[in-house]
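The values are calculated or read from the model by the stated rules, or taken from the named source; none is laboratory data. Note that the structure is a prediction, hence the values are computed from the model and not measured. Ideal geometry is used to build each Cβ from the backbone, glycine not excepted, and the neighbour counts take in all protein chains shown. Heavy atoms of the whole protein, side chains included, go into the accessibility calculation; ligands, DNA and RNA do not. Shrake-Rupley method; radii C 1.70, N 1.55, O 1.52, S 1.80 Å.
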Amino acid sequence: MKKFLLMLLLCLGVSVHVDAQSAKSVLDKTAATFTEKGAVKAEFVIKHFLGQTQNGQPMTGSILLNGKKFKLNAEGITTWFDGKTQWTFVPENEEVNVTEPTDEELQSINPYTFLNFYKKGYKYKFGNTKSFQGKNIYEVVLIAKSQKQDIKQVVLFVEKSTHQLMQIKFRQGTNNWMSITVTSFEGGQKVPDSTFSFDKKDAPNAEIIDLR
């Protein structure tokens, strides 16, 4: 009996290892769909949840992404990031805040930062969801290795045939969730690097506040 239990534990250990390796392979291929296509443009819907209950109204947005660089529009606020410096224009205040965000700060702004942060600080496995919006998917669950991580858990829905991201969910704390559902995706966009930097022409009357 003891020998049987030992063999069972060994088999389970191998299964968990293979599952983790396979889940990482899916994440690697999903990340590659962005790096191989140059700049990509995506539109999305953001929802916040307290447990299973939706909190507030959905928010729509769009992002133009090229590697670490991005231009994000959401609820009238525009954010540019050139890989180091971030500019955030808030029309209501006629202000542009200039910062150099940390990796954790970027995680809360850009839903595609998983392209880099999943590679360290998280363990991963497959979830049980097999389909989403009528398409066959992989569900990959990321769990933070340290409780000090701001984002405790990430759940990704990835289309099997294309490895495109369909939805990503983040959990902060115990019950605070945010879901981002991709509604459109276009690869192969050709845009100059200047697209990802703020130009005074974008908001000629705005006050520039340098917080670096």
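Here are the numbers for the structure shown:
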{"item": "Contact order normalised by residue count of segment 114-197, Cα under 8 Å, 6+ apart, percent", "result": "18 percent"}
{"item": "Whole-Å semi-axes of the ellipsoid equivalent to segment 116-212 (Cα gyration tensor, √5λ, descending)", "result": "32, 22, 13"}
{"item": "SER146 accessible area, assembled protein chains, probe 1.4 Å, Å²", "result": "50 Å²"}
{"item": "R0 of 30 Å, Cβ-Cβ distance GLU105-ASN73: FRET efficiency to nearest 0.05", "result": "0.95"}
{"item": "Heavy-atom accessible area ranking, 1.4 Å probe, most first, across GLU92, GLU105", "result": "GLU92, GLU105"}
{"item": "Accessible area (Å², 1.4 Å probe, nearest 10) - HIS48", "result": "80 Å²"}
{"item": "In Å², nearest 10: area of MET59 left accessible to a 1.4 Å probe", "result": "50 Å²"}
{"item": "Rounded percent of accessible protein surface that carbon and sulfur make up, segment 90-212, 1.4 Å probe", "result": "44 percent"}
{"item": "Whole-number percent relative contact order across segment 63-212, with pairs defined as alpha carbons under 8 Å at least 6 apart", "result": "21 percent"}
{"item": "Label zone at ASN128, where the point sits 7 Å out along the Cα-to-Cβ direction: segment 165-180 residues whose backbone N lies under 19 Å", "result": "169"}
{"item": "Charge-dipole axis of segment 51-207 as Lys and Arg at +1 and Asp and Glu at -1 on Cβ define it, positive-most pick from THR129, VAL154, ASN176", "result": "THR129"}
